[in-house]
Amino acid sequence: YSPGNTMPPPQATSSTSSSLAHQPAGKTCADWYGLFSEDEVEPLPTEFDTVSPPRFLAVSKDKLSVRYIGKGNHSHDVGAIRTNWPCPKRCMIYYFEVTVLDAGSRGCLAISLSDGSFALNRPPGWEPNSYAYHGDDGRKYFDSERGEPYGPGFASGDVVGCGLLCHRREIFFTKNGLHLGTAFSSVCQDLYPTVALHSPEEKLELNLGMAPFKFDVTALIASTRESKIEKVSRLPVAVKSMNALVRDYLLHYTHSGTLELFDAACGVSHGAIGGNSDDEHRALSGDFASGENLSRSELEERSRASLAHRQLLREHVLRGEIAEAIASCDKGQPGLLERHPDVLFFLRCQAFIELIRRKEPLEAIAYAQKHLGRYRSDQDAARVGQLQNVVALLAYDEPHDSEAPLSHLMAPQQRESVADALNSAVLHEAGGSPQSGIERLLRQLGGTHQ
């Protein structure tokens, strides 16, 4: 289960804010670059890394511009600098640009991606695990001092971009908004945006998404996504496998009545759950993502064994009866909530929300003092942020109003998310999968983008 999705995270800050000019309203950088939203957000590069003072370079105060101050006499006085974070792994495309403010006396500039071990006094591309496009000769370089023909050189005023197709591990470059084609394939992981300068007065400015890009990366993301959807849609899926996924989903989320109707329509009886074809087994077992290697019948047996208990817990939560849900859980599975503190936290928060819903603010305050106060000093920043959002409901006369900033906490979907977290914890304790088969499949498709 994914407890982090149950409550909204703290508001994004710094460079991941939604105010950036080229981003759609309400989108953070993480969303914009295609990060899988169910996963914890990865840090994105925000500036040049100056923790270790760069040699032969002067970095601006905002850490987004850099100027060469060396003499550029030999190959070991290159001024290279990387960003503070590597490219994110769970994204479709990562892209950045540099503007050549001054090409200097020789235009010995390079834009690249390199790993954390790259020597910052060497030209990118000359060393292993660095992939570069050089401005003086337009050649591309990887673990070679000779390079290969690639594109035109670049000079003062040019805008040069570098993109990483994470799902294919390919790197491409752009110049003044034009795609120059794939430069490198099968590249390594954990690559940092890196630039290098090597002749007097050279100066570059870095754009990590704080301003509109010259290249239309939006269109490339859209076309890449459409291509993947088309590819997946052409894959044949057996009817039995699809039915197995639907049955598993209904059983997982305790929709017993719908499951009975579905089984009747498909001619399936509870006793006839056998059939362990490869497709059905892979669809329902951990072969797709979970790591467990259970047969279809074993997974269904474990889900059915706890069905009545899970259904009762879900009904309590969906009716706002949180105390009853906690009591039923403690009675049916003693110690479960202590072993799953995130779920207990969500239930406590939901109990507070229900008191707000019933317009009992004094009772809500007393409940918070008794059950939520200990979370104020929690080491988990996300949990503290969630707690602040929940307690902030006291500040609104009509928190359920759609225009109230935290109205989503009063919506039925909030109860459903808490019920889902509790349901997943019960299944996990029973030895079943905390996610349905179709969710595991979708997570794998989203995570690999293949």
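Worth pointing out:
Here's the yes/no breakdown for (1) modelled with pLDDT of 95 or more; (2) closer than 23 Å to Trp126 by Cβ; (3) in a loop (DSSP other than H, G, I, E, B):
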residue: Lys27; (1), (2), (3): no, no, yes
residue: Ala30; (1), (2), (3): no, no, no
residue: Glu38; (1), (2), (3): no, no, yes
residue: Pro43; (1), (2), (3): no, no, yes
residue: Val66; (1), (2), (3): yes, yes, no
residue: Ile81; (1), (2), (3): yes, yes, no
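- Of all residues in region 67-123 being polar (S, T, N, Q) and touching a strand residue (DSSP E or B) at 6+ places or on another chain (Cβ under 8 Å), the one that is farthest from Cys166 (Cα to Cα): Asn121
- Of the residues making up region 134-162, those that are more than 17 Å from Cys188 (Cβ to Cβ), in a strand (DSSP E or B) and of a type outside the set (Gly, Ala, Ser) number 6.
- Test set (1) more than 18 Å from Gly72 (Cβ to Cβ); (2) touching a residue at least 40 places away in the same chain (Cβ under 8 Å) - Arg146 fails condition number: (2)
- Residues located in region 312-341, provided they are of a type outside the set (Gly, Ala, Ser), open to solvent by 50 Å² or more (accessible area, probe 1.4 Å) and assigned to a helix (DSSP H, G or I): Leu312, Glu315, Leu318, Glu324, Asp330, Lys331, Glu338, Arg339, Pro341
- Close Cβ contacts (under 7 Å, 6 or more residues apart or on different chains) running from residues in region 349-370 that are under 17 Å from Leu422 (Cα atoms) to residues that are in a helix (DSSP H, G or I) and open to solvent by 50 Å² or more (accessible area, probe 1.4 Å) comprise Ala351/Ala323.
Every residue, every condition in (1) open to solvent by less than 70 Å² (accessible area, probe 1.4 Å); (2) in contact (Cβ under 8 Å) with a residue 12 or more places away in the chain; (3) among the charged types (D, E, K, R); (4) more than 19 Å from Val343 (Cβ to Cβ), yes or no:
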{"site": "Tyr375", "(1), (2), (3), (4)": "yes, yes, no, no"}
{"site": "Asp380", "(1), (2), (3), (4)": "yes, no, yes, no"}
{"site": "Val390", "(1), (2), (3), (4)": "yes, yes, no, no"}
{"site": "Ala395", "(1), (2), (3), (4)": "no, no, no, yes"}
{"site": "His400", "(1), (2), (3), (4)": "no, yes, no, yes"}
{"site": "Glu403", "(1), (2), (3), (4)": "no, no, yes, yes"}
{"site": "Ser417", "(1), (2), (3), (4)": "yes, yes, no, no"}
{"site": "Asp420", "(1), (2), (3), (4)": "yes, yes, yes, no"}
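- With respect to (1) in a loop (DSSP other than H, G, I, E, B); (2) open to solvent by 40 Å² or more (accessible area, probe 1.4 Å); (3) in contact (Cβ under 8 Å) with a residue 12 or more places away in the chain, the lone exception for Asp77 is condition (2).
- Residue selected from region 124-133 under the condition assigned to a loop (DSSP other than H, G, I, E, B) and either modelled with pLDDT of 95 or more or not acidic (Asp, Glu) (or both), by the criterion nearest to Val195 (Cα to Cα): Pro124
- Some residue of region 220-242 being within 28 Å of the chain's Cα centre (by Cα) and within 19 Å of Ser297 (Cα to Cα): yes
- Considering region 164-255, the qualifying strands (runs of 3 or more DSSP E), each wholly inside and each with 1 or more residues that are modelled with pLDDT of 90 or more, among the aromatic types (Phe, Trp, Tyr) and touching a Phe, Trp or Tyr at 6+ places or on another chain (Cβ under 9 Å), run over 170-175, 178-184, 192-197.
- Filtered residues of region 351-373 (kept if open to solvent by 30 Å² or more (accessible area, probe 1.4 Å), assigned to a helix (DSSP H, G or I) and closer than 22 Å to His316 by Cβ): Arg357, Glu363, Ala366, Tyr367, Lys370, His371
- Picking from residues in region 45-64 that are assigned to a strand (DSSP E or B) and either closer than 30 Å to Ala381 by Cα or in contact (Cβ under 8 Å) with a residue 12 or more places away in the chain (or both), the one that is most open to solvent (accessible area, probe 1.4 Å) is Val59.
- Failed condition for Asp190, given (1) without any contact (Cβ under 8 Å) to a residue 24 or more places away in the chain; (2) open to solvent by 60 Å² or more (accessible area, probe 1.4 Å): (1)
- Of the residues screened, Thr258 is not one that is outside any helix (DSSP H, G or I), within 26 Å of Val237 (Cα to Cα) and at pLDDT 80 or above.
- Only one of the listed residues (Ser433, Ser407) is in contact (Cβ under 8 Å) with a residue 24 or more places away in the chain and not basic (Lys, Arg). That residue is Ser433.
- Residue count for region 85-123, restricted to those that are of a type in the set (D, E, K, R), open to solvent by 10 Å² or more (accessible area, probe 1.4 Å), assigned to a strand (DSSP E or B) and under 20 Å from Gly151 (Cβ atoms): 0
The values are calculated or read from the model by the stated rules, or taken from the named source; none is laboratory data. Bear in mind the structure is a predicted one, so any value in this text is a computation, not a measurement. When we count neighbours, we look across all protein chains shown, and the Cβ atoms used for this are built from the backbone with ideal geometry, even at glycine. Side chains included, ligands, DNA and RNA excluded: accessible areas come from the protein's heavy atoms. Shrake-Rupley method; radii C 1.70, N 1.55, O 1.52, S 1.80 Å.
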